[in-house]
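The values are calculated or read from the model by the stated rules, or taken from the named source; none is laboratory data. Just so it is clear, the structure is predicted and the values come from calculations on it, not from any experiment. Every residue, glycine among them, receives a Cβ derived from its backbone with ideal geometry; neighbour counts consider all protein chains shown.
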Amino acid sequence: MDNKRVVIVGAGLGGLRAAEALRANGFAGEIDIVGDEEHIPYNRPPLSKEALKSGLGHEDLKFRQRDSIADVCWILGSGARSLNLDEKTLTLENGEELIFDGLVIATGIRPRLLPIPGPTQGLFTLRTLSDAQKLREAIVPGENLVILGSGFIGCELAATGTLLGANVHVVSLDSEPMVMPMGLELGGAMRRRHEAKGVTFHLGRTVSSFNGGEKIESVTLDSGEVIPTRVVVEAIGSVPNVEWLEGNDLDLSNGVLVDHTMRVIGTDVPVVAVGDIARHPSVLYADGPRRIEHWNMPTETGKRAGATLAALLRGEAPTNEPFAALPAFWSDQFEYQLQSYGLPGAAASSKVVSGDLEGPCIVEYFNDNGHLIGVIGIDTVKELVPYRKQLMNTDSSSS
Ligand SMILES: Cc1cc2nc3c(=O)[nH]c(=O)nc-3n(C[C@H](O)[C@H](O)[C@H](O)COP(=O)(O)OP(=O)(O)OC[C@H]3O[C@@H](n4cnc5c(N)ncnc54)[C@H](O)[C@@H]3O)c2cc1C
């Protein structure tokens with residue numbers, strides 16, 4: 001196996017964890033990590049929080065490099081353009097061709113953009129360090145900042161923009177911020193906290209045009225209201241980065257479909273997928289494979305994928321053990337710390353079980369059968385820890 005070569009496409013957390021897991025599972029051959037960004041992997045969650053607020057750079061955010069992967073070859077600054085699985089070749093944007101024995105798909109997601117007419121100078125998205133640096137330069141204290149979308153990233157941006165001195169307007173079709181993952185009650189409680197800090201919400205609304213010459217000077221909402229602004233951030237969801245995989249008969253309908261070992265379905269070639277892009281099954285998901293865009297998933301899927309690929313390259317079968325990583329998510333907005341475990345977004349009902357919605361609280365989420373499938377706490381991080389075990393109990397969570 002020492003003369004085999006694995007190419008990992010995507011130099012993010014998932015790619016990094018997959019490389020570490022390959023080494024931990026005895027793969028001693030060459031590992032090349034291809035990334036379209038200029039950087040070795042860094043931590044993304046601070047980009048909407050501390051890094052945006054304080055201007056942190058790559059040195060502050062980069063992940064520690066373990067000794068086990070000191071010999072990997074980083075091919076940065078030119079992404080993958082196309083893949084030929086029959087020939088086991090990968091072509092990069094710069095025309096370079098790489099041949100591999102095993103492949104890791106770790107290209108994550110990118111922000112989705114709406115087709116809104118008007119100028120685009122002044123329009124931002126937030127996924128990379130470079131996005132965060134450009135946005136930080138554009139935000140001006142005392143001026144309006146319009147954020148389109150009221151999910152976690154939109155709300156984190158609203159908090160950080162306010163802390164940077166901007167007058168923040170959040171425009172969202174939803175009836176409450178973060179309503180999909182949290183539900184109406186907790187979403188409403190978070191809205192009130194944001195409003196108390198000065199954030200203005202335009203809910204049930206979207207932007208119908210950006211106005212101005214070359215640069216955005218204002219936005220018009222579908223209500224006709226005009227908000228003057230030079231900076232707009234779109235945070236309305238994501239698109240998996242799968243285009244480079246097309247033409248290989250893989251299921252790319254929502255990310256890349258994999259089995260419980262993270263092996264990509266639809267090919268005999270040893271290929272695995274990890275992180276935000278991997279639509280994976282779990283004994284914890286009652287409704288089939290899911291993509292989970294949470295920070296803990298690149299690590300959980302990366303560990304499993306590295307073990308799988310190392311086994312396949314040895315000519316062995318990967319583990320039969322079911323995959324059962326608990327989705328876990330946190331979010332910092334102003335001084336409030338939100339922590340989520342399980343799948344609250346898939347719940348049919350919820351109940352406040354500790355505290356009240358205006359202060360520190362714990363909200364439990366239940367499926368149709370009344371089984372606990374998720375929990376979210378505000379400023380109750382420690383109190384939430386016992387739920388991890390409870391939610392891993394598949395007798396209740398998957399039924
Ligand atoms: C602003 C922000 C805030 C977040 N906050 C939180 C949080 O508070 N809590 C939480 O749990 N999670 C949070 N997340 C989510 C978490 O960061 C992600 O789940 C995690 O980074 C996913 O890792 P990944 O390796 O799958 O993808 P990524 O980290 O996105 O890595 C994929 C890499 O592949 C590259 N790539 C794409 N296409 C190609 C190509 N064709 N060729 C080569 N390279 C390519 C991308 O540019 C990127 O560098 C946040 C994410 C963002 C963007």
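Data table
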{"item": "Pro141 vs. criteria surrounded by fewer than 16 Cβ atoms within 10 Å (Cβ to Cβ) and assigned to a loop (DSSP other than H, G, I, E, B)", "result": "yes"}
{"item": "Selection status of Gly315, more than 16 Å from Leu391 (Cα to Cα), small (Gly, Ala, Ser) and surrounded by fewer than 16 Cβ atoms within 10 Å (Cβ to Cβ)", "result": "yes"}
{"item": "Filter result for Arg205 (surrounded by fewer than 22 Cβ atoms within 10 Å (Cβ to Cβ) and either touching a residue at least 60 places away in the same chain (Cβ under 8 Å) or more than 16 Å from the ligand (Cβ to nearest atom) (or both))", "result": "yes"}
{"item": "Filtered residues of the stretch 132-168 (kept if over 18 Å from Leu113 (Cβ atoms), more than 23 Å from the chain's Cα centre (by Cα) and small (Gly, Ala, Ser))", "result": "Gly142, Gly165, Ala166"}
{"item": "Qualifying residue in the stretch 111-122 (condition: within 22 Å of Val239 (Cα to Cα) and either within 12 Å of the ligand (Cβ to nearest atom) or assigned to a helix (DSSP H, G or I) (or both))", "result": "yes"}
{"item": "Filter result for the condition that a residue is farther than 26 Å from Val363 by Cβ, within 13 Å of the ligand (Cβ to nearest atom) and touching a residue at least 40 places away in the same chain (Cβ under 8 Å), over Leu135, Leu164", "result": "Leu135"}
{"item": "Test: residue in the stretch 50-59 that is part of a strand (DSSP E or B) and either within 15 Å of the ligand (Cβ to nearest atom) or in contact (Cβ under 8 Å) with a residue 60 or more places away in the chain (or both)", "result": "no"}
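Every residue, every condition in (1) outside the structural domain of Leu245 (by TED's automatic domain parsing); (2) in a loop (DSSP other than H, G, I, E, B), yes or no:
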| residue | (1), (2) |
| --- | --- |
| Val269 | no, yes |
| Thr299 | no, no |
| Leu309 | no, no |
| Ala325 | yes, yes |
| Trp330 | yes, no |
